[in-house]
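Shown next, in structure tokens, is the structure this report addresses.
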Amino acid sequence: MRGAVWFVVGVLGTAVAGSRGAVAQSAPSQWDRQKGNCDAVLATPDPVGIAELKYCVALWEAYRDIATLKPGEREAVAPAFQRLYREGDEEGRHLARNALGRLGFTPQAESPEEIERRRQAAQSAPGRKKYRPHKADPADQRAAQKVRARAYKAYKKRDYRGALELLAQALERDPAYVQALYDAACCHALLGDTDNAVEYLLRLADIGDKEAMERLRKARKDKDFDGIRDEPGFKKATGFARVKVFNGMPPADREVGEDNVFRLVEMLRNPKLGYEVVEGGDDKHARDRPHIWYKEHSKLQAYVIRKLIGHPRALLIPVPPNRETDFDVLVSWADKVEANEFGEKSSKYSLVAGGGQGGGGGASLDPEKRVDQALRDQDEALRQPEEYARKTERVIDTPERMQNKAEGAVDRVKSTVNTLDRVGDKAGKVFR
């Protein structure tokens, strides 16, 4: 039946994009617990940065119940959304459009001057051209391999600049030579040249074949990159992320949360994924679904982790601009709890065999299979970052209310099936 939830959500998702219906709401107390200084930011948006404004609008869309707004409050916050619509990135404009639609306002069209300024900024912004090397003929491939062997000897002697000169010759003969591209990234990293190291890693992602993706996975743990491992560009290019996982269940259900947090950490620590993962203990706030905060450079990895968790209502939220953390992704695992006839508790979308819709020990729950799927998602996100960015934006934008409706539709289907089963049982008794 869980598949049906995704089916209904998928069908509704098409309507969501142009919907003014807004966005999922939690109880007002959720907004009060999560908002931080966002009331002040939304009341006086002009002095704050766009990143902070975008964060507060994302929280508003996730938690604010507009039915509780007092007279005049709609008009008071609308200018903040209008500013984000005019000045924000594509994701921010999406959020602002939905927020305005919920309040009954239309996004203000940009002036011709603003449109022209945005167009010129886009044209002048340095864009990276995708690396598309042609395959070399066999003779050039062999020649490149010989030159690369000489470069490797220089590398072993820590003559990284000499190695780079030889690697440039090898790549001139065979531009698609994956090992030479990887070696060049290593040498640049060892020289402290982050930009060029990241560029060569991105070229591997552009090539995107099995060998290239294996090298990117290797880079996540390769000591040659220790000097640049904390650079956002390195994390974005390789998929490396530092992740911290909390138990977001209320005190009465902490044990259920501990079981699931343990399983989630075990999956995230799988060497295939290459993350660094720590447990963070109990979340200071009780939650009713997984919350995933991400830094901008690890947005796609947050999306991959969301898919790994497999909860249809998991929230993706940008890390607040003013929050200092050494981690790229913060996960608070939580879920609704169900009890069987014996009083045994389990979560609805459990990561533990035998628990809820996510449980049961089936193929969808198998940790190794989940990790393998996450690895495929991770590789695809590195190959096609723009496409995955769009997918992530859709998840961030998806009105939770629509997901609630989808789950309600599934519950109604379940009820209908149960009714039919009872009717069938009665019919059987009549004919027996």
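For the residue pairs 130/157; 54/235; 54/236, alpha carbon separations beyond 30 Å are given by 130/157. Checking the cross-link pairs 299/336; 135/299; 129/272; 129/223; 244/299 against a 23 Å limit on the alpha carbon distance flags 299/336; 135/299; 129/272; 129/223 as lying beyond it. The packing ranking, built from the mean of other Cβ atoms within 10 Å per residue, places the peptides 330-340, 208-218, 301-311, 245-255 in the order 301-311, 330-340, 245-255, 208-218, highest first. Share of Cα-Cα pairs in region 241-398 beyond 24 Å, in percent? Every Cα pair in region 241-398 considered, those over 24 Å come to 30 percent. Could you tell me the center-to-center distance, by alpha carbons, between region 259-278 and region 33-81 in angstrom? Spelled out, the Cα-based centre of one part sits 35 Å from the other. Calculated on C-alpha atoms, the gyration radius of region 183-305 divided by its Kirkwood radius gives an Rg/Rh of 1.07.
Taken over region 138-237, the alpha-carbon convex hull comes to 81 cubic angstrom per residue.
Per-residue packing, averaged as other Cβ atoms within 10 Å, sorts the ranges 93-102, 371-380, 156-165 into the order 93-102, 371-380, 156-165, beginning with the highest.
The simple spin-label model puts a point 7 Å past each Cα toward its Cβ; for residue 214 and residue 149 those points are separated by 2.0 nm. Our summary gives region 138-237 a relative contact order of 21 percent, counting only alpha carbon pairs under 8 angstrom and 6 or more residues apart. Expressed as a fraction of 2.2 N^0.38 Å, the value expected for a compact globular protein of N residues, the C-alpha radius of gyration of region 36-100 is 0.99. Counting beta carbons within 10 Å around each of 140, 46 and listing the fewest first gives the order 46, 140.
When 256, 352 are arranged by Cβ crowding within 10 Å, least crowded first, meaning fewest neighbours, the order is 352, 256.
Only the coordinates and a few stated rules stand behind these numbers; no lab work does. Please read all numbers here as calculations on a predicted model, not as lab measurements. Note: ideal-geometry Cβ built from the backbone for every residue, glycine included; neighbour counts use all protein chains shown.
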